[in-house]
Amino acid sequence: MSLAELRTHYSTQVNPEEIGDEKVSLAGWVHEVRDLGGICFVVLRDRDGRAQVTLVKKKIDRELFNFARKLIRESIISVTGTVKPEAKAPNGYELIPETIELLNEAESPLPMDTTGKVDAELDTRLDSRYMDLRREKSHAVFRIRHEVLNAVRTFLSNNGFLETSTPKVVATATEGGTALFPITYFDREAFLNQSPQLFKQILMSGGMDRVFEIGPIFRAEEHDTRRHLNEATSIDIEASFMDHFDVMEILEEMVAFVYTEVKKNAAQFLEDLEIDLQVPKTPFLKLPYSEAIEIVNANTDEKLTWGDDLSTLAEHTIGQHVFDKTGEEHYFIIDWPSEIKPFYALPYENDPEISKSFDMMHRTMELSSGAQRVHQHDLLKTRIENQGLDPDGFEFYLKTFRYGMPPHAGWGIGCERLVMTMLGAENIRDVVLFPRDRKRLSP
């Protein structure tokens, strides 16, 4: 038997009425063995779900029956037989085996339980991620994440955006500052990129007009919280001849589209996680930064002034205020102070202290930031200098603004935070396969 013949169907593809007496082969893991004396049930689990293999002692070869009852959980098997309708079994059928082939026997005891009957700490799960992913709920998270990214690509492609890939090893910090991972690049120092921002803007000068990228970003920040990672996946866009309001509309419509597609295409996995997903309504509320500060000052002991960034408490306070007012969890904070936004955020001409920038928020945290960009060379150079940075280090970027840079805007949104808030996960590490944070570098 070739390896391809070990499986003719996934567990969810078997329909007894369509298959009739046709032989079926399923392959996967031994999820559970229930030996009741005269009858033995082997629950086989594959990527899509589970199937019940039923062996009745009086009706089946005794050697096969004894072999099945001694199977070790999480061993790899291939089962060939016929199917019968059975309403109480997973997917509405049971498989009556003619053969059971043991392909790889698992050691015992297992590093952790995969049935969901015994809880495990997060660190234990991450140390044995290969086992954790066999848990129904963990597997569901990453099937949903797949649908999220698939929906993002569909939405942006349908709206005229081209997918691009930009360097992750760079000579200059994207946004200045010290949150950088330095690396040795042959005989000189380089850095892991914080963002594709500068390259996205260069592509605007190149006439690509609308671009998006889904890729890793790296931040050397010593956070140790439930919502921070040092390597994350960012979804970024940049678009010419658009302002910040234009790209905010694209962002909110994309988020609503993603929720809709996940609800449609991942219904079973949402059910596994016991989530009743609500699609956010558009347009999202747009709250000026000045009003956000007033909300915090009126409802907490924090007393914020112009130019202060928002703490976790402030974000939660504003988010709850918006939720109580609108019933919606997503909103924008707009018109941020120029001094606390990156040098490429365009100030208003009539009030340079305010920038054409925004953050898209969830009730519990920031998800995205964006702005209309500075597209004039001299103003951009001045903004770089005003933030204490050396324009010479940005020459590869600045020179593209000398030869016809169109007005443009864009944003970046964290994939992990989008999935985390969508699913109500308590820790961002639950929605990334192999987290990289201040303490974790393996697996």
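FYI, it's all coordinate maths here, none of it is from the lab. Here the structure is a predicted model, which is why all the values come from computation and not from measurement. Every residue, glycine as well, gets a Cβ built from its backbone with ideal geometry; the counts of neighbours run over all protein chains shown.
May I ask for the distance between the Cα centers of the stretch 40-78 and the stretch 400-424, given as a whole number of Å?
Centre-to-centre distance over Cα atoms comes out at 50 Å.
Any idea what the relative contact order of the chain is, in percent, if you count C-alpha pairs under 8 Å spaced at least 6 apart?
Relative contact order for the chain comes out at 12 percent.
What length, rounded to one decimal in nm, is gained on full extension from Asp301 through to Lys439, with 0.36 nm per residue of separation minus their alpha-carbon distance?
Stretched out fully, the Asp301 to Lys439 stretch lengthens by 46.4 nm.
Restricting to DSSP H runs of at least four residues, report the calculated mean residue ellipticity at 222 nm for the chain, -39500 (n - 2.57) per run over all residues, nearest 500 deg cm²/dmol.
Theoretical 222 nm ellipticity from helices: -8500 deg cm²/dmol.
By its C-alpha gyration tensor, with a ≥ b ≥ c as the square roots of the eigenvalues, how is the stretch 3-104 shaped: rounded for a/c under 1.5, else prolate for a/b larger than b/c, else oblate?
It comes out rounded by the Cα gyration axes.
Which of the lysines could a cross-linker bridge to Lys281, judged by Cα under 27 Å and excluding same-chain residues fewer than eight apart?
Hits, sequence-local ones excluded: Lys263, Lys264, Lys325, Lys356.
In which sequence would Val279, Val118, Val141, Val14 go, from the one with the fewest C-beta neighbours within 10 Å to the one with the most?
Least crowded to most crowded, the residues run Val118, Val279, Val14, Val141.
Could you tell me whether the chain comes out rounded, prolate or oblate from its Cα gyration tensor? Rule is a ≥ b ≥ c as square roots of the eigenvalues, rounded for a/c under 1.5, then prolate if a/b exceeds b/c, otherwise oblate.
Verdict is prolate for the chain.
For a protection proxy built on the mean count of beta-carbon atoms within 10 angstrom, sort 281-287, 416-422 highest first, please.
416-422, 281-287
Can you return the aspartates and glutamates within cross-link range of Lys439? Criterion is Cα-Cα under 14 Å, with same-chain partners fewer than 8 residues away left out.
Partners within reach: Asp123, Asp127, Glu221, Glu222, Asp224, Glu231.
Reachable lysines from Lys59, Cα under 17 Å, same-chain residues fewer than 8 places away excluded?
Once the sequence-local lysines are set aside, what remains near Lys59 is Lys84.
Within 10 Å of each residue's Cβ, count the other Cβ atoms and sort Arg226, Arg50 from fewest upward.
Neighbour counts put them in this order, fewest first: Arg226, Arg50.
With a/c under 1.5 counting as rounded, go ahead and sort the stretch 230-370 into rounded, prolate or oblate using the C-alpha gyration tensor (a ≥ b ≥ c being the square roots of the eigenvalues; past the cut-off, prolate if a/b is larger than b/c, else oblate).
Note, shape of the stretch 230-370 comes out oblate.
Given the peptides 372-380, 102-110, arrange them by the average over their residues of other C-beta atoms within 10 Å, most packed first.
Peptide ranking by packing, descending: 372-380, 102-110.
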